[in-house]
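**Student:** Here you go, one structure.
The values are calculated or read from the model by the stated rules, or taken from the named source; none is laboratory data. What you see is a predicted model; the values in this text were computed from it and never measured. Please note: Cβ atoms are built from the backbone with ideal geometry, for glycine as well, and neighbour counts cover all protein chains shown.
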Amino acid sequence: MNAWHVSGALAARYASGAVPDSDAWSVEKHVEVCEACAGLVSAAVRSGPAGPVLTAVLADVRSVTAGRQPAEAAGPRVAARSEAGAPTVAAPTVAAAGAPRPGPVARLVRAGGPALRGPWTVALLLVIAVAFGLALGGASDVSRPLLLALAPFLPVAGVALSYGRHADPMHEINASTPGGGLRLLLTRTAVVLAVSMPALTLAGALLPSGAPGPGAAAWLLPGFALTLAVPALGSFLDGRTAAGIVSAGWALAVLTPVLRLSRGLTVSADALAHHLTLLSAPAAQSGWAAGAAVCAGLLVLRRRSFDVAHSGRRGHM
């Protein structure tokens with residue numbers, strides 16, 4: 001038995017969209033396991049402003065599926081509830097109950113959104129392959145510095161490609177739910193980091209080191225800070241613009257001193273390794289950690305910018 005249940009007042013406020021995201025998430029999670037509260041929330045939605053639209057949509061769905069899946073096919077309990085006109089939000093169908101549950105890889109890809117299903121994954125593997133190709137080709141002194149210089153770009157691009165109108169064809173549908181704003185963005189950001197960080201760090205650790213330079217994990221804090229900077233800046237700007245600004249800033253931070261240390265416009269491996277070592281020094285790492293904390297704090301302050309009720313649309317990303 002659940003100690004907490006949805007009250008009538010909370011169901012009415014949820015139906016009108018007047019509850020904060022945290023309360024809406026609690027309601028949505030609770031109605032997954034509580035049939036009585038699911039019926040209460042469904043009744044509140046049907047009697048609210050969205051009721052006529054929902055009724056019309058359900059009528060269209062029933063008219064399309066009536067010939068292929070009659071109500072009796074879903075089981076006696078669901079059919080009886082449908083005939084009585086009671087809400088059927090939480091009633092599972094036989095097909096749904098008998099469907100195989102997705103494995104961990106499938107759940108990870110689904111949670112990661114478009115980024116893990118598109119060219120971003122190919123780009124991640126390509127960068128690792130190029131680094132190993134250089135190492136096997138005798139350029140081991142440049143393979144690891146190059147991998148560490150390119151590594152922060154990948155999670156930044158992954159976040160930009162995993163959330164927003166330009167990236168996700170289901171964005172408008174996802175954005176209409178309380179869990180479709182900042183919560184979804186942070187979930188997909190976490191998945192992108194969970195895939196890219198271990199893969200790139202392991203690749204850097206396996207690469208032979210031809211010259212002194214930064215360690216394989218030296219890019220983690222810079223990459224984490226830059227990745228958090230994308231949604232933080234994306235609360236003000238378009239997601240692609242935010243990712244472009246962050247990527248350009250990292251490119252300038254890496255290349256400008258390297259070009260100054262090198263001769264002409266030729267980037268030497270020694271100069272790149274030396275500069276990346278400076279970027280991974282304890283003082284620099286402390287700065288990256290502070291930057292990540294600032295971006296996280298800005299996301300907390302700007303969380304309402306991802307809320308439809310406050311911004312008119314679910315975030316700028």
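Here's the yes/no breakdown for (1) at pLDDT below 50; (2) outside the structural domain of residue 188 (by TED's automatic domain parsing); (3) among the hydroxyl-bearing types (Ser, Thr, Tyr):
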{"site": "1", "(1), (2), (3)": "yes, yes, no"}
{"site": "28", "(1), (2), (3)": "no, yes, no"}
{"site": "33", "(1), (2), (3)": "no, yes, no"}
{"site": "78", "(1), (2), (3)": "yes, yes, no"}
{"site": "110", "(1), (2), (3)": "no, no, no"}
{"site": "115", "(1), (2), (3)": "no, no, no"}
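**Student:** Also, quick follow-up: Output the residue which, of all residues in region 242-252 that are surrounded by 15 or more Cβ atoms within 10 Å (Cβ to Cβ) and either among the small types (Gly, Ala, Ser) or not assigned by TED's automatic domain parsing to the domain that holds residue 148 (or both), is farthest from residue 293 (Cα to Cα).
**Tutor:** The extreme case among them is 244.
**Student:** Within region 119-180, which helices (runs of 4 or more DSSP H) (wholly inside it) include 1 or more residues that are over 25 Å from residue 237 (Cα atoms) and at pLDDT 70 or above?
**Tutor:** Per the criteria, 119-136, 140-150.
**Student:** Pairs under 7 Å by beta carbon, first residue within 22 Å of residue 226 (Cβ to Cβ) in region 131-152, partner surrounded by fewer than 19 Cβ atoms within 10 Å (Cβ to Cβ), six or more apart or different chains?
**Tutor:** Pairs that qualify, where the first residue is within 22 Å of residue 226 (Cβ to Cβ) and the partner is surrounded by fewer than 19 Cβ atoms within 10 Å (Cβ to Cβ), are 144/209.
Conditions tested, residue by residue: (1) under 12 Å from the mean Cα position of the chain (by Cα); (2) surrounded by 20 or more Cβ atoms within 10 Å (Cβ to Cβ); (3) aliphatic (A, V, I, L, M); (4) assigned to a helix (DSSP H, G or I).
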{"position": "185", "(1), (2), (3), (4)": "yes, yes, yes, yes"}
{"position": "188", "(1), (2), (3), (4)": "yes, yes, no, yes"}
{"position": "192", "(1), (2), (3), (4)": "yes, yes, yes, yes"}
{"position": "198", "(1), (2), (3), (4)": "no, no, no, yes"}
{"position": "202", "(1), (2), (3), (4)": "no, no, yes, yes"}
{"position": "227", "(1), (2), (3), (4)": "yes, yes, no, yes"}
{"position": "233", "(1), (2), (3), (4)": "no, yes, yes, yes"}
{"position": "240", "(1), (2), (3), (4)": "no, no, no, yes"}
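**Student:** Would region 14-21 turn up any residue that is modelled with pLDDT of 75 or more, β-branched (Val, Ile, Thr) and under 28 Å from residue 182 (Cα atoms)?
**Tutor:** Among the residues of region 14-21, at least one is modelled with pLDDT of 75 or more, β-branched (Val, Ile, Thr) and under 28 Å from residue 182 (Cα atoms), which makes the answer yes.
**Student:** From the list 287, 223, 297, which residue is at pLDDT 90 or above and either touching a strand residue (DSSP E or B) at 6+ places or on another chain (Cβ under 8 Å) or buried (at least 17 other Cβ atoms within 10 Å of the Cβ) (or both)?
**Tutor:** 223
**Student:** Those residues that are closer than 14 Å to residue 8 by Cβ and free of Cβ contacts under 8 Å to residues at least 40 places away in the same chain, I need them from region 21-49; list them, please.
**Tutor:** The answer is 27, 36, 37, 40, 44, 45, 47, 48.
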